[in-house]
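Q: Before we start, here is the structure in question, set down as structure tokens.
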Amino acid sequence: MTDFLSPNYLLTPSTLDTLADAITKLSPLAPQVNADGLCRLQPLSEGVLSSQALSSFVPLKKVFLPPREKLWSFQSGQFSALKQPEPFAVVGVPLCDLQALWYLDQVFADDLPYQNRRARALVVGMPCEQDKECRCDRQLMPLAGDLFLDQEHAWALSPAGEALLRACGAGETTNKPLPWPTASAGTRPMLTEEQYRSAADAAIWAEAAKGCLSCGACSVVCPTCYCFDMLDESATDGSVTRNRSWDNCFFAEHAKVAGGHDFRSGRANRLRFRMEHKFFGFGALHGQNSCVGCGRCRTVCPVDIDLDQIATRLSGEELA
Amino acid sequence: MKDALQPVAAVLHNIVPMATDNHIFSFLPEQPMALAPGQFVEITLPGVGSFPVSACDQVRDGLITACIRRAGRVTEALYQLEMGDVIGLRGPFGKGFPLELFKDQDALLIAGGLGMAPLRGLLQALLDDPHRKARIIVLYGSREPEALLFREELVELSKEAQIEVRFSVDFAETLPSLDDRVVCKIGLVNELLTDLNFAPRQTVAAVCGPPALYHCILEELALIGIPAAKIFATLERRMRCGVGECCHCVAAGRYICKDGPVFSLEQLRTMTEAI
Ligand SMILES: Cc1cc2nc3c(=O)[nH]c(=O)nc-3n(C[C@H](O)[C@H](O)[C@H](O)COP(=O)(O)OP(=O)(O)OC[C@H]3O[C@@H](n4cnc5c(N)ncnc54)[C@H](O)[C@@H]3O)c2cc1C
Ligand code: SF4
Ligand code: SF4
Ligand code: FES
């Protein structure tokens, strides 16, 4: 879908330096591997230009939809408004996370806290190397973000990104395609909604869900999982804060209503629901597959549940 | 951009006890709020939580009125509040009943249990239309006679020949003595349909009740001859955000809070597993 992006620029060394300075001023976050071996998005310690795209354990979504964020507070009968975030940058974002960002941008198009952060963030993608767990697909959906940097090449992904490049003195444009990793799109299973639905009662679901611990780790690390709950916190001074925190469709309370009726009871139903969301989308995004193929869920699952494998079985294809 | 997750402060204006654990609460929001029949608001009790609720009346003098059952943690806390206390309201959310379809058509309202609360909101909207001449038929089933909500009011309206009412109760030693015009039977609410004299082709139906009610009655209404596009049901789901983001309410790939909660049978037939 996004092979070429125009304009894309060939940058001179001095333009690159100016750009790196501009980004550094925005206290950038970047994926970095820590001593414990885990890759986290954290304040960048080295220069912008020496960073590289890595798949962080917890994906980019945490920057725009924090695991826990304050929505409002209440004191003496008054609800307070939101505080505006400071401008910031994220660099070293892999292409799959830029796709996931596009998806979240659609979901949260009318969400003020999310959009406040998006409007103040500069998101910079960089090329990555394909990991053995990755199955990214450039055709899946468009990219969001502001810039993409590959050594002396730069792509403007947004008007803000383009303005920044021009302000830094970028001039000469080229026709270089984005450096997607050699994607394994051919090996992604194709599951139609009919196949998904016709398998409504299939033993496949029960079997796949049998080992599931309902731990929710797969949704935590998924760059396009976004469901949330809202919980209150009372302080000793009588003030109340409402927080929005990540929720998880694997949790037993997710679809339960007063009186105890559960609209999605049992693990098999919940696994089906997660798969439905990933492969077919909800609401206005119905029809949009949102599994960007990052492989995080597969890697993190303690019992090796793999949505692609389930899809392969449901679609009646042989396992690759 | 409006922050849909930010409540508007509202004062608890009045509490009218009706049946046990089913009181009518009215709230006066700081800024005027619209709320059509079938739509809902999220009521926030700071420090406790929030829950969705439909109105049981038209917005009158700026007041948002709902019949709220003491059903759990947050509603329990609401029952502890006093008049003058401040709560928060978010909304209005969702798509309500298509009032324009009810014009010049007979209205058949079918409620089970607490389902009468939102339908009473629709009923008030129909009664408020000064040009309305068509029939309004209310079929209302409840566990026991004491649990029938708005019972006196419905009987009164029936006496005035503004509406026609039939009650059913699951259990009762003796049936309450109601007005002659009011039918009351022991049994399930769909049994009230069997000898009902009405013109299905010129009727619009609205159904609200527990999930079990929807399994049979919606298709039954279609069988009798009401077009599927004129049979409406309002779906209950766990709802947190109200704006199609949090995913709790999703059924058949749709955000029930945003696309619904009111759907026609024509829509529901395409929504696998929604009812
Ligand atoms: C569109 C709509 C209209 C409704 N209209 C009415 C009405 O007119 N009158 C009335 O009494 N009740 C109505 N309800 C049901 C009402 O929302 C629940 O009774 C209420 O949420 C119970 O909250 P609780 O905290 O007291 O219960 P608990 O069981 O303690 O709930 C715990 C948590 O689950 C959530 N929850 C529980 N049940 C529901 C539910 N059904 N929907 C969403 N979240 C839920 C609550 O928000 C709460 O955070 C309506 C529900 C919906 C979806
Ligand atoms: S591979 Fe797993 S974690 Fe990555 S996008 Fe797909 S479902 Fe989400
Ligand atoms: S519903 Fe499940 S699959 Fe969808 S965003 Fe929430 S946790 Fe992820
Ligand atoms: S209530 Fe949050 S998506 Fe419907």
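The values are calculated or read from the model by the stated rules, or taken from the named source; none is laboratory data. Keep in mind the model is a prediction, meaning the values are calculated, not measured. Heads up, the Cβs are rebuilt from the backbone with ideal geometry, glycines too, and the neighbour counts pull from every protein chain shown. The accessibility values were calculated without ligands, DNA or RNA, using every heavy atom of the protein model including side chains. Shrake-Rupley method; radii C 1.70, N 1.55, O 1.52, S 1.80 Å.
Q: Which residues, counting only those in the stretch A:115-129, are of a type outside the set (Gly, Ala, Ser) and under 24 Å from residue A:54 (Cβ atoms)?
A: A:117, A:118, A:120, A:122, A:123, A:124, A:126, A:127, A:128, A:129 - these are the residues of the stretch A:115-129 that are of a type outside the set (Gly, Ala, Ser) and under 24 Å from residue A:54 (Cβ atoms).
Q: Let me ask something else. Just checking, which of A:82, A:38, A:95 is among the hydrophobic types (A, V, I, L, M, F, W, C) and within 30 Å of residue A:232 (Cα to Cα)?
A: Unique residue meeting the criteria: A:82.
Q: Quick one: residue B:49 ticks every box in (1) within 13 Å of chain A (Cβ to nearest Cβ); (2) within 17 Å of the chain's Cα centre (by Cα) except a single one, so which number is it?
A: Only one criterion in (1) within 13 Å of chain A (Cβ to nearest Cβ); (2) within 17 Å of the chain's Cα centre (by Cα) is unmet by residue B:49, namely (2).
Q: A further question on this structure: Modelled with pLDDT of 90 or more, more than 12 Å from ligand 2 (Cβ to nearest atom) and within 14 Å of chain B (Cβ to nearest Cβ): does that describe residue A:283?
A: Yes, satisfied.
Q: Okay, next question. If the requirement is being within 27 Å of residue B:24 (Cβ to Cβ), of a type outside the set (A, V, I, L, M), in contact with a Pro (Cβ under 9 Å, 6 or more places away or on another chain) and open to solvent by less than 40 Å² (accessible area, probe 1.4 Å), which of these qualifies: B:167, B:150?
A: Matching residue, one of B:167, B:150: B:167.
Q: Could you please let me know if residue A:251 is open to solvent by less than 60 Å² (accessible area, probe 1.4 Å) and assigned by TED's automatic domain parsing to the domain that holds residue A:209? Quick ask: steps written out before the conclusion?
A: Values: open to solvent by less than 60 Å² (accessible area, probe 1.4 Å): no; assigned by TED's automatic domain parsing to the domain that holds residue A:209: yes.
Spelling it out, it is not the case that residue A:251 is open to solvent by less than 60 Å² (accessible area, probe 1.4 Å) and assigned by TED's automatic domain parsing to the domain that holds residue A:209.
Q: Scan the stretch A:55-81 for residues that are of a type in the set (A, V, I, L, M, F, W, C) and open to solvent by 50 Å² or more (accessible area, probe 1.4 Å) and report the count. If you could, list the steps in order and put the result at the bottom.
A: Step one: of the stretch A:55-81, the residues of a type in the set (A, V, I, L, M, F, W, C) are A:57-58, A:60, A:63-65, A:71-72, A:74, A:79, A:81.
Pick out the ones that are also open to solvent by 50 Å² or more (accessible area, probe 1.4 Å) and you get A:57, A:81.
Total meeting the criteria: 2.
Q: For residue B:242, state whether it is in contact with a strand residue (DSSP E or B) (Cβ under 6 Å, 6 or more places away or on another chain) and more than 8 Å from every other protein chain (Cβ to nearest Cβ).
A: So residue B:242 fits the description; yes.
Q: Continuing with this model, one more query. Residues that are modelled with pLDDT under 85, within 16 Å of ligand 3 (Cβ to nearest atom) and buried (at least 18 other Cβ atoms within 10 Å of the Cβ): does the stretch A:210-233 have at least one?
A: no
Q: Tell me, yes or no, whether the stretch B:232-255 has at least one residue that is away from ligand 4 (no atom under 16 Å from the Cβ) and farther than 20 Å from residue A:270 by Cα. Spell out the reasoning first.
A: Taking the stretch B:232-255 as the starting set, the residues that turn out to be away from ligand 4 (no atom under 16 Å from the Cβ) are B:232-233.
Filter once more, keeping what is farther than 20 Å from residue A:270 by Cα: B:232-233.
Among the residues of the stretch B:232-255, at least one is away from ligand 4 (no atom under 16 Å from the Cβ) and farther than 20 Å from residue A:270 by Cα, which makes the answer yes.
Q: Test residue A:203 against the stated conditions and say whether it is away from chain B (no Cβ under 14 Å) and buried (at least 18 other Cβ atoms within 10 Å of the Cβ).
A: no
Q: From the set of residues in the stretch A:263-297 that are within 16 Å of ligand 4 (Cβ to nearest atom) and free of Cβ contacts under 8 Å to residues at least 12 places away in the same chain, which is nearest to residue B:209 (Cα to Cα)?
A: The selected residue is A:263.
Q: Considering only the stretch B:245-275, state which residues are of a type in the set (Val, Ile, Thr), facing another protein chain (nearest Cβ under 9 Å) and open to solvent by 20 Å² or more (accessible area, probe 1.4 Å).
A: Hit for the stretch B:245-275 is B:272, nothing else.
Q: Evaluate the stretch B:15-23: report whether one residue or more is of a type in the set (S, T, N, Q), buried (at least 21 other Cβ atoms within 10 Å of the Cβ) and either assigned to a loop (DSSP other than H, G, I, E, B) or more than 16 Å from ligand 4 (Cβ to nearest atom) (or both).
A: Filtering the stretch B:15-23 for residues of a type in the set (S, T, N, Q) gives B:20, B:22.
Retained after the next criterion (residues that are buried (at least 21 other Cβ atoms within 10 Å of the Cβ)): none.
No, because not a single residue in the stretch B:15-23 is of a type in the set (S, T, N, Q), buried (at least 21 other Cβ atoms within 10 Å of the Cβ) and either assigned to a loop (DSSP other than H, G, I, E, B) or more than 16 Å from ligand 4 (Cβ to nearest atom) (or both).
Q: Look at the stretch A:284-313 and say how many of its residues are part of a helix (DSSP H, G or I), open to solvent by 20 Å² or more (accessible area, probe 1.4 Å) and not polar (S, T, N, Q).
A: Qualifying residue count for the region: 6.
Q: Here is a list: A:49, A:16. Which entry is assigned by TED's automatic domain parsing to the domain that holds residue A:147, touching an Asp or Glu at 6+ places or on another chain (Cβ under 7 Å) and assigned to a helix (DSSP H, G or I)?
A: Residue meeting the stated conditions: A:16.
Q: Got a sec? Which of A:236, A:241 is away from ligand 3 (no atom under 16 Å from the Cβ) and open to solvent by 40 Å² or more (accessible area, probe 1.4 Å)?
A: A:236
Q: Still on this model: Residue B:250 versus (1) within 11 Å of ligand 1 (Cβ to nearest atom); (2) over 18 Å from residue B:108 (Cβ atoms); (3) out of contact with any Asp or Glu (no Cβ under 7 Å at 6 or more places or on another chain): which is the lone unmet condition?
A: Unmet condition: (1).
Q: Just to be sure, is residue A:253 part of a loop (DSSP other than H, G, I, E, B) and at the interface with chain B (Cβ under 10 Å from one of its Cβ atoms)?
A: yes
Q: Has the stretch A:256-269 got any residue that is within 10 Å of chain B (Cβ to nearest Cβ), within 10 Å of ligand 3 (Cβ to nearest atom), basic (Lys, Arg) and out of contact with any Leu (no Cβ under 6 Å at 6 or more places or on another chain)?
A: Filtering the stretch A:256-269 down to residues within 10 Å of chain B (Cβ to nearest Cβ) leaves A:256-264, A:269.
Adding the requirement that they be within 10 Å of ligand 3 (Cβ to nearest atom) leaves A:264.
Then drop every residue that is not basic (Lys, Arg), which leaves A:264.
Now drop any that are not out of contact with any Leu (no Cβ under 6 Å at 6 or more places or on another chain), which leaves A:264.
Yes, there is a match, as at least one residue in the stretch A:256-269 is within 10 Å of chain B (Cβ to nearest Cβ), within 10 Å of ligand 3 (Cβ to nearest atom), basic (Lys, Arg) and out of contact with any Leu (no Cβ under 6 Å at 6 or more places or on another chain).
Q: Can you name the residue in the stretch A:226-245 that is under 20 Å from the mean Cα position of the chain (by Cα) and among the hydroxyl-bearing types (Ser, Thr, Tyr) and, of all such residues, is farthest from residue A:106 (Cα to Cα)?
A: Among residues in the stretch A:226-245 that are under 20 Å from the mean Cα position of the chain (by Cα) and among the hydroxyl-bearing types (Ser, Thr, Tyr), the one farthest from residue A:106 (Cα to Cα) is A:245.
Q: Given the options B:248, B:215, name the one that is outside the structural domain of residue B:45 (by TED's automatic domain parsing) and touching a residue at least 60 places away in the same chain (Cβ under 8 Å). Give the steps one after another, and end with the answer.
A: Numbers: B:248 fails: touching a residue at least 60 places away in the same chain (Cβ under 8 Å).
Exactly one of B:248, B:215 is outside the structural domain of residue B:45 (by TED's automatic domain parsing) and touching a residue at least 60 places away in the same chain (Cβ under 8 Å), namely B:215.
Q: Next up: Taking the stated definitions as given, is residue A:102 open to solvent by less than 30 Å² (accessible area, probe 1.4 Å) and in contact (Cβ under 8 Å) with a residue 24 or more places away in the chain?
A: no
Q: Could you give me the residue pairs with C-beta distances under 6 Å whose first residue belongs to the stretch B:260-275 and is under 23 Å from residue B:54 (Cα atoms), whose second residue is of a type in the set (A, V, I, L, M) and assigned to a loop (DSSP other than H, G, I, E, B) wherever it lies, and which are 6+ apart or on separate chains?
A: Correct list of pairs: B:260/B:235; B:261/B:235; B:268/B:274; B:268/B:275; B:271/B:252; B:274/B:252.
Q: Residue by residue through the stretch A:109-131, note down the ones that are without any contact (Cβ under 8 Å) to a residue 60 or more places away in the chain, part of a loop (DSSP other than H, G, I, E, B) and more than 14 Å from every other protein chain (Cβ to nearest Cβ).
A: A:129, A:130
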